[in-house]
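Here the structure is laid out as structure tokens; the discussion comes afterwards.
The values are calculated or read from the model by the stated rules, or taken from the named source; none is laboratory data. Just so we're clear, the structure is a prediction, and the values are computed from it rather than from any experiment. Here the Cβ positions follow ideal geometry from the backbone for every residue, glycine too, while neighbour counts run over all protein chains shown.
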């Protein structure tokens, strides 16, 4: 009875987790060492996930009625699951790396965003950029134009002051408008009056 109660409790606990996860990767671990198992658990937890070895009956009972039911139905052999509520790519990257380093750790299938995926699809998922990498790229693309705009706006007052100063020095401002200086006009020389004709001598009286 005690073992049955423990299985039911474990099944209920796992069910609450499986009802909210976005990703579950089913694998076999036969032949994995304790050291390798410990390293695997820590790596998965570092990626925001959880890893545990499961009894087939417990896993099937926990998954019944959840989106992961199709993945954890009719299990055979020794099985473990790794699941996460956050980034499926980060989890796939960690597990793919472990599978390469530890031949005893092998994928069986996976569940991502509502559908069961194959081993090949798990490997393809691991090749995608992680959520953190995507956010970093997006922030770079968003910040680069903003930084250039901010730099240009900051330079406006300084550039305007320089242009205004040069315009004032050049005499470009007069009464609020730009006035072209009129060309200098040389005054015409004053007219010299013409000399009056000499008067004719008066005739002398006759004697």
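Only one residue in 69, 45 is within 25 Å of residue 120 (Cβ to Cβ) and either crowded, with 21+ Cβ neighbours inside 10 Å or without any contact (Cβ under 8 Å) to a residue 40 or more places away in the chain (or both), so which one is that? First the steps, then the outcome.
Values: 45 fails: within 25 Å of residue 120 (Cβ to Cβ).
69 is the lone residue from the list that is within 25 Å of residue 120 (Cβ to Cβ) and either crowded, with 21+ Cβ neighbours inside 10 Å or without any contact (Cβ under 8 Å) to a residue 40 or more places away in the chain (or both).
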Checklist outcome for this item: residue 47 fails exactly one of (1) at pLDDT 90 or above; (2) touching a strand residue (DSSP E or B) at 6+ places or on another chain (Cβ under 9 Å); (3) on the phi < 0 side of the Ramachandran plot, namely (1)
Checklist entry - Yes or no: residue 26 within 29 Å of residue 130 (Cβ to Cβ) and modelled with pLDDT of 95 or more? => result yes
Item to check | Selected residue (only one of 2, 10 is over 23 Å from residue 93 (Cα atoms), out of contact with any strand residue (DSSP E or B) (no Cβ under 6 Å at 6 or more places or on another chain), surrounded by 14 or more Cβ atoms within 10 Å (Cβ to Cβ) and at pLDDT below 90) | outcome: 10
Next on the checklist: On the basis of being at pLDDT below 90 and surrounded by 12 or more Cβ atoms within 10 Å (Cβ to Cβ), does residue 64 make the cut?
Outcome noted: no
Checklist outcome for this item: With criteria (1) surrounded by 14 or more Cβ atoms within 10 Å (Cβ to Cβ); (2) under 35 Å from the mean Cα position of the chain (by Cα); (3) more than 17 Å from residue 22 (Cβ to Cβ), residue 56 comes up short on (2)
